[in-house]
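Asks: Please read through the structure below; I'll follow up with questions.
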Amino acid sequence: MGRKTYTFFMAACVLFGAAALSVSGQSRVSSFSLQDQNDQKVEVNFPSDRPVVFVFGDRDGAKQIDGWATPIYKKFDGKIYMFGVASLGGVPSYARGIVRRLIKRQTQFPVLLDWGGKIAKTYGYEKDKAMVLVVAKNGTILTTKFGPANESEVNSVIVELEKQLS
């Protein structure tokens, strides 16, 4: 293999490897902060004193969130931190106020507003699907689930959280 071909091959491997990493997400969650629908800055820091569950959704994915969030919240209320994250990368800046008010009317819980979609992309969010990200106290991602909830998948999240709390 010639030097140019080898260099091109290695560059392609690096590029495709980086693309695969961004699609599959990360192994750890870094600390970050976002504003919620009430315009309050919410900081998420690791290490944490409790396991953390993030439930991501965009406009269509939000329809699948309740099937995940309700049973997890009922089972672990006060024992874990749970954050809703709205992936809003496609919302133009002039429409942000309207979207913020809609989210405010639709939920009583804080929802972190990821306007650029950067946080969602970092952890492999897939458009039009709910995504549940379970994170250990030290920031290690334990499991990621996509799409509508079903009993088996919700139970697997519950078992993972119970292990972290025991």
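Every number in this text was worked out from the coordinates using simple rules, so none of it is lab data. Only a predicted model underlies this, so the values are computations on that prediction, with no experimental measurement involved. As a convention, Cβ positions derive from the backbone with ideal geometry for all residues, glycine included, and neighbour counts pool all protein chains shown.
Asks: Could you pull out which residues in the range 116-136 have an amide N less than 14 Å from a spot 7 Å beyond the Cα of S93, following the Cα-Cβ vector?
Replies: Answer for this model: 116.
Asks: What number do you get for the range 26-165 when its Cα radius of gyration is normalised by 2.2 N^0.38 Å, N = residues?
Replies: The range 26-165 yields a ratio of 0.98.
Asks: Then there is this: Given the Cα-Cα distance of T143 and D77 and 0.36 nm per residue of separation, how much length would full extension add, in nm?
Replies: Computed gain between T143 and D77 is 21.8 nm.
Asks: Sticking with this one: How high is the relative contact order of the range 26-165, in percent, with contacts defined as C-alpha pairs under 8 Å that are six or more residues apart?
Replies: The value is 35 percent.
Asks: Now for a different question. How would you rank K137, K63, going from fewest to most other Cβ atoms within 10 Å of each one's own Cβ?
Replies: The fewest-first ordering by Cβ neighbours comes to K63, K137.
Asks: For K75, list the aspartates and glutamates whose Cα falls under 13 Å from its own Cα; do not include residues on the same chain fewer than 8 positions away.
Replies: Those aspartates and glutamates meeting the cut-off are E160, E162.
Asks: Extending each Cα 7 Å along its Cβ direction at Q108 and K121, get the distance between those two points in nm, one decimal.
Replies: So the two model labels end up 3.6 nm from each other.
Asks: Compute the Rg/Rh shape ratio of the range 35-117: radius of gyration over Kirkwood radius, all on alpha-carbon atoms.
Replies: On the Cα set of the range 35-117, Rg over Rh gives 0.97.
Asks: Check the straight Cα-Cα distances from K79 and name the lysines below 16 Å, setting aside those fewer than 8 residues away within the same chain.
Replies: Output for K79: K137, K163.
Asks: Apply the Karplus curve 6.51 cos²θ - 1.76 cosθ + 1.60, θ = phi - 60°, to the phi angles in the range 66-80 and return the couplings in whole Hz, x for Gly and Pro.
Replies: The phi angles translate into 4, x, 8, 5, 4, x, 5, 5, 4, 6, 10, 3, x, 9, 10 Hz.
Asks: In whole Hz, what ³J(HN,Hα) sequence does the range 94-103 give by Karplus (6.51, -1.76, 1.60; θ = phi - 60°), x for Gly and Pro?
Replies: So the Karplus estimates, Gly and Pro as x, are 5, 9, 4, x, 5, 5, 4, 5, 4, 5 Hz.
Asks: Which net charge results for the neighbourhood of A95, defined as the other residues with beta-carbon distances under 13 angstrom from its beta-carbon, given Lys and Arg at +1 and Asp and Glu at -1?
Replies: It works out to a net charge of +4.
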